[in-house]
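What follows is one structure encoded as structure tokens, with my remarks underneath.
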Amino acid sequence: MQEMFCYQCQETAGNTGCTKAGVCGKKADVSGAQDFLIWVTKGLSAITTRLRGEGKPVTKAVNHLVSMNLFATITNANFDQGAIEARTRETIEVMNGLRRQLSNQDNLPEAAQWHSLNEEEWHDRTPFIGVLATENEDIRSLRELVVYGVKGLAAYSKHANVLLNDDEEVDAFMQRALAETMEEKSVDELVGLVLETGEAGVKGMALLDKANTSRYGHPEMTTVELGVRGNPGILVSGHDLRDLEMLLQQTEGTGVDVYTHGEMLPAQSYPAFKKYSHFAGNYGGAWWSQKAEFEAFGGPILMTTNCIVPPPESYKARLYTTGAAGFPGSPHIDGGIGEEKDFSGIIAHAKTCPAPKELENGTLVAGFAHHQVLSLADKVVEAVKSGAIKKFVVMAGCDGRQKGRSYYTDFAEALPKDTIILTAGCAKYRYNKLNLGDIGGIPRVLDAGQCNDSYSLVLIALALKDAFGLETVNELPLIYNIAWYEQKAIIVLLALLSLGVKNIHVGPTLPAFLSPNVTDVLVKNFGIAPNGTVEEDMELFFA
Ligand code: FSO
Ligand code: SF4
């Protein structure tokens, strides 16, 4: 029997599956612990779904537990087996309590009947409950597509939850969808569930957009410094804006600067964060280049979510994790939803460190979420009407370390000068420092923010459709050339499909978890296609 099986991300071994250890650095034991956690979380979800069916309420604490469990198993979020198993224990305890509230306990799936807190029994069961337990490859493919979409949605949902925004409908959906992946369903029924997942994804991203903008204001066009200052600093990475807010508050007046990294760059454009004078610039690039960058930074790093690259001993002790993130041997800062976290330890640590070593200097421009772009709408519409802008290219998604991803830099550079790139997510690091210029004052790279801010791109597309009096967004001069890496990109993709967007190009490879038949369904119904070479794609899109 193989030691593990995981094919949830774009870098999966041989584009088929990681079976000995993850390309991401996830060990077989951790992979097994994550599989078991997902299995009992599905069991808990079967119980909560039945409770709702019986008209009984499910608490926010249970909803948050489900989301955090899912989030902790996303690629590069949590490598700490102890932390994963602690979640499993809590989940089984909660499940044991909720099961008793059911009026009808008949025919619950095995996962929902699991009650043992004995870890040896968990380990004995683990080889039989993972991805490959579903033998039919099409059913397996669709079930996993739903689970990965729900994992991405859970991450977005959790970011809204920490800002005390909840959507019971989204939570109820995530749990029902997880429960339904354990039921006997036809391919057609599962395709329906995939689209429902996309619809819930739109709601989840809207919830997070509202949570972020109502608390921190609307992102605005901002020139972001790429160089460093002379004080010691803390580097914040990941996606959790609430963590950043607490850190900025607690570092104020301490002589410690706060820098953004990776997916935290978009925080630079929120009015609520810009007011802090010790909020320094952005340091480094996308998640995968963190080893060299974290080494050079010299001070402590706070990882609020994925993407963690397993740290070498040289900086393991200054890589702090919080929330769903975790790495064994790296300090973890506790604090649940709604709680004030105590960052005094990491701040004290920063004071003992040298100022960051400069990697680059100069600036970049960010902050083009929907509110900012729509305030320029007249200018944009005019530029399209005059022919100054011929096409928009959505290049949202993720970056990754595979060599083939240089395609995105080359593609951005090869684009005709009358095109505008709409981006979100860490994919932008392939071209956001290229100085691609502007069209009549509109930058050619409009960065809406984090991967979840792809929602902004949807709002922008809908506004353009209305401005031009079109029936659907598919009639716009808009190309989708999306890069994916992990499960948040999957929920973004499913959200776009649920909104009727067609002909999305996905790269640098199609997901390994899509079986040939499921790929066929996506090609026939939605025109999904893999990207080609830069030359082929230029010809395809612009000939
Ligand atoms: Fe990137 Fe990582 Fe934001 Fe992901 S830093 S890859 S899709 O976590 O979520 O874009
Ligand atoms: Fe492999 Fe990706 Fe799974 Fe890591 S998350 S084990 S790289 S498929």
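Assuming charge only on the beta carbon of Lys and Arg (+1) and of Asp and Glu (-1), the dipole of the stretch 376-542 about its Cα centre is about 280 debye to the nearest 20. Based on the Stokes-Einstein relation at 20 °C and a viscosity of 1.002 mPa s, and on the Kirkwood radius from alpha carbon pairs, the stretch 233-344 is assigned a translational diffusion coefficient of 154 µm²/s. Computed from point charges on the beta carbon alone (+1 for Lys and Arg, -1 for Asp and Glu), the dipole magnitude for the stretch 13-215 about its Cα centre is near 600 Debye. Mean sequence separation of contacting Cα pairs (under 8 Å, at least six apart), scaled by the length of the stretch 13-215, corresponds to a relative contact order of 28 percent. Measure up Lys27/Lys316; Lys379/Lys488; Lys60/Lys316; Lys26/Lys502 against 23 Å on the Cα-Cα distance and list the ones that go over. Correct reply: Lys379/Lys488; Lys60/Lys316; Lys26/Lys502. In terms of overall dimensions, the C-alpha atoms belonging to the stretch 376-542 reach 44, 35, 30 Å along their principal axes, ordered largest to smallest. Charged neighbours of Met538, selected by a Cβ distance under 14 Å, balance to -4 (K, R count +1; D, E count -1). Would you work out which of Gly326, Gln372, Ala388 lies farthest towards the positive end of the dipole of the stretch 298-425? Charges go on Cβ: Lys and Arg +1, Asp and Glu -1. Final value for the positive-end residue is Ala388.
May I have the pair-distance distribution P(r) for the chain, computed from all Cα-Cα distances with 20 Å bins from 0 and rounded to whole percent? Final binned percentages: 23, 57, 20, 0.
Placing one identical point scatterer on every Cα of the stretch 454-543 and ignoring solvent, what is log10 I(q)/I(0) from the Debye formula at q = 0.20, 0.21 Å⁻¹? Summing over Cα pairs of the stretch 454-543 leads to -1.07, -1.15. Once both labels are positioned 7 Å from their Cα atoms along Cα-to-Cβ, the gap between Val381 and Met221 label points is 1.9 nm. Take every DSSP beta bridge with both residues inside the chain and express the antiparallel ones as a percent of the total, to the nearest 5. Counting only bridges with both partners in the chain, antiparallel ones make up about 20 percent.
With a cut-off of 8 Å between alpha carbons and a minimum separation of six or more residues, what is the relative contact order of the chain in percent? Computed over the chain, the figure is 17 percent.
At full extension, Ala86 and Leu499 could sit 144.9 nm farther apart than now, given 0.36 nm per residue minus the alpha carbon distance.
Residue by residue, the stretch 372-381 carries 3J(HN,Hα) couplings of 5, 5, 5, 6, 9, 3, 4, 4, 5, 4 Hz when phi is fed to the Karplus relation 6.51 cos²θ - 1.76 cosθ + 1.60 (θ = phi - 60°); x denotes Gly or Pro. When the chymotrypsin sites (Phe, Trp or Tyr not before Pro) in the stretch 457-518 are filtered for DSSP coil states and for at most 15 other beta-carbon atoms within 10 Å of their beta-carbon, the remaining sites are Phe468. Shape of the stretch 300-374 from the C-alpha gyration tensor: oblate (a/c of 1.5 or more and a/b not above b/c, with a ≥ b ≥ c the square roots of its eigenvalues). The modelled label-to-label distance between Glu183 and Thr409, using points 7 Å beyond Cα along the C-beta direction, is 4.9 nm. With contributions of -39500 (n - 2.57) from each DSSP H run of at least four residues, the per-residue ellipticity at 222 nm computed over the chain stands at -14000 deg cm²/dmol. The stretch 431-463 to the stretch 256-276: how many Å between their Cα centroids? Each part reduced to its Cα centre gives a spacing of 18 Å. For the stretch 134-226, the Cβ-based charge dipole about the Cα centre amounts to some 400 debye (Lys, Arg positive; Asp, Glu negative; other atoms uncharged).
Annotation: extensible slack from Asp106 through Ala463 equals 123.6 nm (criterion: 0.36 nm per residue apart, minus Cα-Cα distance). Which residues in the stretch 78-116 place their backbone N less than 16 Å from a point set 7 Å from the Cα of Asp124 along the Cα-to-Cβ direction? Residues passing the 16 Å test: 114-116. Around the amide H of Ile439, modelled in the peptide plane, lie the amide H atoms of Arg444, all under 5 Å away and 5 or more residues distant in sequence or on another chain.
Projecting label points 7 angstrom from Cα along Cα→Cβ for Leu470 and Met538 puts them 2.4 nm apart.
None of the figures in this text is laboratory data; all of them are computed from the coordinates on show. Quick caveat: nothing in here was measured; it's all calculated off a predicted structure. Methodologically, a virtual Cβ is constructed for each residue, glycine included, from the backbone with ideal geometry; neighbour enumeration extends over all protein chains shown.
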